[in-house]
Amino acid sequence: MTEQTPISYELSTPSEPPEGGRSRKGLVIGAIAAVVVLALAGGAFAVVKKLDGGGAQPHDVLPASVIAYARLDLDPSASQKIALFKLIRKFPKAAESVGIKSADQDVRKLIFTEILDQGDCDLSYDKDIEPWIGNRIGLALEKDGQTPVFAVQVGDEGKAKKGLKALFACANDTAGVAFLDGYAIVAEKQATADEAVKDAKKAPLSESKKFTKDMADLGNQGVFSAWADVKGIFGSAAVAGLGVPGLEDQVDQSSTAMTLRAQGSALELLSITRSPKSDVTYKPSTIGRLPDDTAIGLSFPGLSAFPKEAQDELRSAFREGFNSELGEDGTSASLAPLEDELNLKLPDDLEAIFMDGFTAAIGAKNLDTLPMLTGPADFGSLDVGVALQTDKDDAARLVTGLVKWADLLGVRLSGQDNVIATNSDMAGSMASDGGLGKEKSFTEVIPDPEHAFTAVYVDVDAIVSALLKADPPGGIKDALNQMKPLKAAGLSVTSKDDGKLVRGSLRITFDE
């Protein structure tokens, strides 16, 4: 990074607020946080003045010793800005609600103007903020877990010093500010800001091996990204103050990172979690074998995908819950008649379902009748099914027993092989290989289903169309019409390096 002597300033204010004014402690930090929140809610989509997203990032001016970091870039790469602007244009009402009227509108002005209007200070965005503020903001947490440090990109250090001083004066607050490589480093105390700059010059976060490896695995960092040293957080003074002994030793993860980015006609929230060791075995998802008209699909890997200690705890909790339902007089002997009739072993067989996992689906057929359903007997018109992932022979026995049990409770279900469903057609469809994995709407949100051990798929377009067909009330109809640009959503979780690196991807696609 550029060798530069840090410039620091103690921004202090009078002990009393200006006459007629009121204390607005935290105004500056609140403004920075508001930029992050509102921009993520939609404002960032409109900040597309330039097509050059290069330059220093906040992690270049924050120290490697921090244990958590978040970054917002209102001036990302050209491809990100173009994709984001195309997406926001699909939701004109949402853009209008946050005040976005054109592609080149400055979202920072929307945020700061609203915040300044709430105070009693004679400040304006055009005069006091715009001349110096940049497009990137970073927030880091020092290793004590209690001290935040902000990195705010600035275009002019002199004007930034003046503008920040005015903001803190308006808040009747004090803060420490130091400058480094085009960023204002802001902390509660001047010593903290100076120390952060000093440490960043020696070893910036961008040169941390753990951080850079995680960021490399994330790929394009998009508009927003975040990173955390999980071990560091649980070993910090803040967590130690909770008084839970050995908490750090109970954490399996060493670090985690995430990013929000645009890809064509899609938004993706991608996360990675790294663990030094893994004691679990992941089974590939079968969600791609569901029927091609699936509106909602779910593939759950079972408790076997959890660490052994967590498996034992969940098993114990399940058995305790089951036994509590039997009442004080409930014993295994009292279940014998039911077990004999159903050819089931309770609660072992129910536990096996959750241990081995399952794949479930709701079909698109007759979804428009959903608002008119009045009871369990009506659900036979819907296509709902669950395919058990347990041993083939055990699965057939379980399905037969569960269908019979449901019948005793007055609910009619159908079963075939390892599938239990609301009707025989759905049972047959799920018992054979379906074509969901070949559907474009599916592959766009779950691109690698064979390697995912957990997956959720939602055909938003099919659901919205079906519910609109049911002619819902005005308010609901308006909300559904606003969802029309949404196409599908998918969550998939994959692993590599024998489970030591877990990747989670949430994708939302939009009509092209």
Tally the residues that are modelled with pLDDT under 95 and either touching a Phe, Trp or Tyr at 6+ places or on another chain (Cβ under 9 Å) or of a type in the set (Asp, Glu) (or both), restricting the search to the range 125-141. 9
For the range 119-169, name all the residues that are farther than 23 Å from LEU74 by Cα and touching a residue at least 60 places away in the same chain (Cβ under 8 Å). GLY119, ASP120, CYS121, GLU142, LYS143, ASP144, GLY145, GLN146, LYS165, PHE168, ALA169
Given the conditions (1) of a type outside the set (S, T, N, Q); (2) open to solvent by less than 20 Å² (accessible area, probe 1.4 Å); (3) part of a helix (DSSP H, G or I), which single one is not true for TYR457? (3)
Just wondering, is there one or more residues in the range 424-437 that are buried (at least 16 other Cβ atoms within 10 Å of the Cβ), over 22 Å from the mean Cα position of the chain (by Cα) and closer than 30 Å to ALA216 by Cα? yes
What pairs can you find where one residue is in the range 332-352 and more than 16 Å from TRP405 (Cα to Cα), the other is assigned to a helix (DSSP H, G or I) and aliphatic (A, V, I, L, M), and their Cβ atoms are less than 8 Å apart, with a gap of 6+ or different chains? ALA352/LEU398
Residue count for the range 482-496, restricted to those that are in contact (Cβ under 8 Å) with a residue 24 or more places away in the chain and either open to solvent by 70 Å² or more (accessible area, probe 1.4 Å) or assigned to a helix (DSSP H, G or I) (or both): 2
Residue check, VAL464 against (1) at pLDDT below 90; (2) over 22 Å from ARG289 (Cβ atoms); (3) in a helix (DSSP H, G or I), all met but one. Which one? (1)
LYS404 of a type in the set (Lys, Arg), open to solvent by 30 Å² or more (accessible area, probe 1.4 Å), without any contact (Cβ under 8 Å) to a residue 40 or more places away in the chain and assigned to a helix (DSSP H, G or I): no
For the condition crowded, with 22+ Cβ neighbours inside 10 Å and within 25 Å of ASP60 (Cα to Cα), what is the one hit in LEU180, LEU167? LEU180
Candidates ILE446, ILE463 - the one that is closer than 24 Å to ALA305 by Cα and surrounded by 14 or more Cβ atoms within 10 Å (Cβ to Cβ): ILE446
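Here's a check for you: in the range 106-146, which residue that is of a type in the set (Asp, Glu) and assigned to a helix (DSSP H, G or I) is surrounded by the most Cβ atoms within 10 Å (Cβ to Cβ)? Quick ask: steps written out before the conclusion?
If we filter the range 106-146 for residues that are of a type in the set (Asp, Glu), which is where we start, we get 106, 114, 117, 120, 122, 126, 128, 130, 142, 144.
Among the residues that remain, those that are also assigned to a helix (DSSP H, G or I) are: 114, 117, 126, 128.
On the way: GLU114: 14, ASP117: 10, ASP126: 11, ASP128: 22.
Residue satisfying both the conditions and the ranking: ASP128.
For the range 368-400, which residues satisfy the criterion of being assigned to a helix (DSSP H, G or I) and buried (at least 21 other Cβ atoms within 10 Å of the Cβ)? Reasoning before the result, please.
We begin by selecting, within the range 368-400, every residue assigned to a helix (DSSP H, G or I); these are 368-372, 376-381, 392-400.
Of everything in the range 368-400, those that are assigned to a helix (DSSP H, G or I) and buried (at least 21 other Cβ atoms within 10 Å of the Cβ) turn out to be ALA395, LEU398, VAL399.
The values are calculated or read from the model by the stated rules, or taken from the named source; none is laboratory data. Worth saying up front: this structure is predicted, and the values here are computed from it rather than measured. In this analysis, Cβ positions are derived from the backbone assuming ideal geometry, glycine residues included, and neighbour counts consider all displayed protein chains. Keep in mind that these areas ignore ligands, DNA and RNA; they rest on the heavy atoms of the full protein, side chains included. Shrake-Rupley method; radii C 1.70, N 1.55, O 1.52, S 1.80 Å.
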